[in-house]
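Trainee: Take this structure first; my questions come after.
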Amino acid sequence: MPEEKIKKREFWWRIKALLLTAILIMFIGAAGYWLYFSSFWEIRAVEVVGLNKINQEEFSNQLKSQVASNNFWSWPSGDFSVKDFPLLASIYIDKHFLKRSITINAQEREAMGIWCFYPGGGQECYWFDEGGIIFEQAPKSASGLIITVEDVSANLRAAIGEILIDKSLWTNLKAILDSWLLDDLNVAMVALDRFNKELTMENGSGFKVLFSLKFDPRLNLAALKKARDDGLVNFNRLGYADLRVENRIYYK
């Protein structure tokens, strides 16, 4: 084949390739515009499910401002970060394609108790949940029905949305707060010593139970319950029970 014909064929192939590329770019651009800028994909409805204490409209508007678009494809689906929503334990977004609507499933945090700090000699108290996260200011409770932990660490200040203590320590602390002891001891005071990683519970008569948060307390708690049931430990007659040594109980 003559060289001139080969060059012409290559030239036309390049022209065709450029045209096809241009058409493809135009198609992608048109499709992108249709998907993200056409009014066809504007969200028709946003429904919030699961809120009781939080104002639904305010929450919905705050979430919309983070998404920053009313386009169906711009909204995320599935789990959404609760970082900016300390009162919520979880947010899950469902997108409904045919209806072009959004359902926001929100779960509010449930209070497990009150945690009090003492920065600068003052007192600051907060509600905390099952995960050990503080999420709202609370009054100092005088009711024995509500767990109140006194965090006596000097000059420690809390931050809403943060976990109270290291997760491994929280697991052990929660095991104590969830145990039979809280009701049977008729606890009047719970105090945390962060420096020594210890917890003290005291009832109205002055009997104390001392814990270490460095290990799982459940075995020691079971042993203390057996000693109580067998009549070896009387919460109203003894001064304290020391459970700060793993697999050991000391009482006086």
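Trainee: I want to confirm something. Restricting to the range 70-112 and keeping residues that are small (G, A, S) and loosely packed, with under 13 Cβ neighbours inside 10 Å, which single residue is nearest to I54 (Cα to Cα)?
Mentor: S81
Trainee: Quick one: which strands (runs of 3 or more DSSP E) lie wholly within the range 56-168 and hold at least 2 residues that are of a type outside the set (F, W, Y) and over 30 Å from A188 (Cα atoms)?
Mentor: 78-80, 88-96, 101-108
Trainee: Go through T200, T148 for me and flag whichever is in the same structural domain as P217 (by TED's automatic domain parsing), touching a Cys at 6+ places or on another chain (Cβ under 7 Å) and β-branched (V, I, T).
Mentor: The match here is T148.
Trainee: Identify the single condition in (1) of a type in the set (G, A, S); (2) in the same structural domain as V48 (by TED's automatic domain parsing); (3) at pLDDT 90 or above that S101 does not satisfy, given that it satisfies every other one.
Mentor: (3)
Trainee: Out of all the residues in the range 216-239, which are under 35 Å from the mean Cα position of the chain (by Cα) and either surrounded by 17 or more Cβ atoms within 10 Å (Cβ to Cβ) or not assigned by TED's automatic domain parsing to the domain that holds K174 (or both)?
Mentor: P217, N220, L221, L224
Trainee: From the list A227, A241, A223, A175, exactly one residue is more than 30 Å from G120 (Cα to Cα), touching a Phe, Trp or Tyr at 6+ places or on another chain (Cβ under 7 Å) and at pLDDT 85 or above. Which is it?
Mentor: Only one candidate passes the filter, namely A241.
Trainee: Separate question: Hey, can you tell me all the residues within the range 178-193 that are modelled with pLDDT of 90 or more and part of a loop (DSSP other than H, G, I, E, B)?
Mentor: Answer for the range 178-193, where residues must be modelled with pLDDT of 90 or more and part of a loop (DSSP other than H, G, I, E, B): D178, S179, W180.
The values are calculated or read from the model by the stated rules, or taken from the named source; none is laboratory data. Predicted, not measured: the structure shown is a model, and the values here were computed from it. Positions of Cβ are generated from backbone atoms using ideal geometry, with glycine treated the same way; all protein chains shown enter the neighbour counts.
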